[in-house]
Amino acid sequence: MGAARPGRPPGPSGPARPPADPGSGAVIEAAGLAAGYGGRTIWSGADFQVGAGEFLTVLGSNGAGKSTLLRMVLGLLPTAGGALRVFGQPPRRGNPGIGYVPQRRALDPDLSISAEDLVGLGVDGHRWGVRLSRRNARQRREAVAGALAAVGAARYARRAVGRLSGGEQQRLLLAQALVTSPRLLLLDEPLASLDLRSQQAVSQLVAELRAQQDFAVVFVTHDINPVLSITDRVMYIAGGRVSVGTPDEVITSENLSRLYQAEVEVLSDSRGRLFVVGLEAETVHPHSPVSPAGVQP
């Protein structure tokens, strides 16, 4: 069974940058890291760093523990073992240096809050009911307007978010996460439930904003293909094990077979997209979240 090691094609924002040097200004550092709940370990033995400005894509099937990593970085869940540091310190809740886009839930079409007010919650949502000074109110308006402009959402700033498309709503959640100019952006399945065109638009937008603002990205997804050209490194979680490296190092037949302890083959098509075969139990309908490398059978 041969490994497919295709070169990464240029993406919408050009070729991916060389991986950041995590030894200089690492935003996340993990040594022997383990994740779990209620005394049950989900995965363990993770040793990795995320450098300033680096793009790390986290892959794995449902229940593998991808979102658990984000919760530990956010300080919402203690580690099950090992060491984890964020900006050189133990993780803590409400870290202003982190922007977070959670898994998107369908918004009620009748939700009347405006787009700009939704983004504004990223500034002062934790201080609900507190009256801002005139100076702070002006700074808030400027920050919200800047975030909306950055994600291309200024034209619908006054519209009710419930009336916007899924792609437009995702732009607003991204603006909300970036309104405080974080050094680290965490995204949990930001492409789920979006059509292909919206997936490409959101992926390109994240790449462009990272290039402009130089924040690090941890991007949890089922599908590597929309971000393959902009990803520096991949973390693949499977079978309680973790593998970290460049896409060409991690997404191979040999490596995934070792992680899953089953025969797995990685293939590529003429467009450079990756396909994982041999995981029938992990594979669902092609238009749903797909097999662990995010590719369709």
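The values are calculated or read from the model by the stated rules, or taken from the named source; none is laboratory data. This one's a predicted model, so the numbers in the text were calculated from it and none came from an experiment. Glycine gets a Cβ as well: all are built from the backbone with ideal geometry, and neighbour counts include every protein chain shown.
At a glance:
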item	result
Residue match in region 198-221 (condition: over 18 Å from Gly152 (Cα atoms) and either modelled with pLDDT under 90 or among the basic types (Lys, Arg) (or both))	no
Residue check, Gly81 surrounded by fewer than 17 Cβ atoms within 10 Å (Cβ to Cβ), under 23 Å from Gly245 (Cα atoms) and without any contact (Cβ under 8 Å) to a residue 24 or more places away in the chain	no
Region 238-277, subset of a type in the set (D, E, K, R) and part of a loop (DSSP other than H, G, I, E, B), residue farthest from the chain's Cα centre (by Cα)	Glu263
Qualifying residue in region 163-174 (condition: crowded, with 23+ Cβ neighbours inside 10 Å, in the same structural domain as Gly45 (by TED's automatic domain parsing), in contact (Cβ under 8 Å) with a residue 60 or more places away in the chain and not charged (D, E, K, R))	no
When residues of region 86-97 are limited to those that are under 15 Å from Gln176 (Cα atoms) and touching a Gly at 6+ places or on another chain (Cβ under 9 Å), the one surrounded by the most Cβ atoms within 10 Å (Cβ to Cβ)	Asn95
Test: residue in region 198-209 that is among the small types (Gly, Ala, Ser), closer than 25 Å to Ser114 by Cβ and either without any contact (Cβ under 8 Å) to a residue 60 or more places away in the chain or surrounded by fewer than 23 Cβ atoms within 10 Å (Cβ to Cβ) (or both)	yes
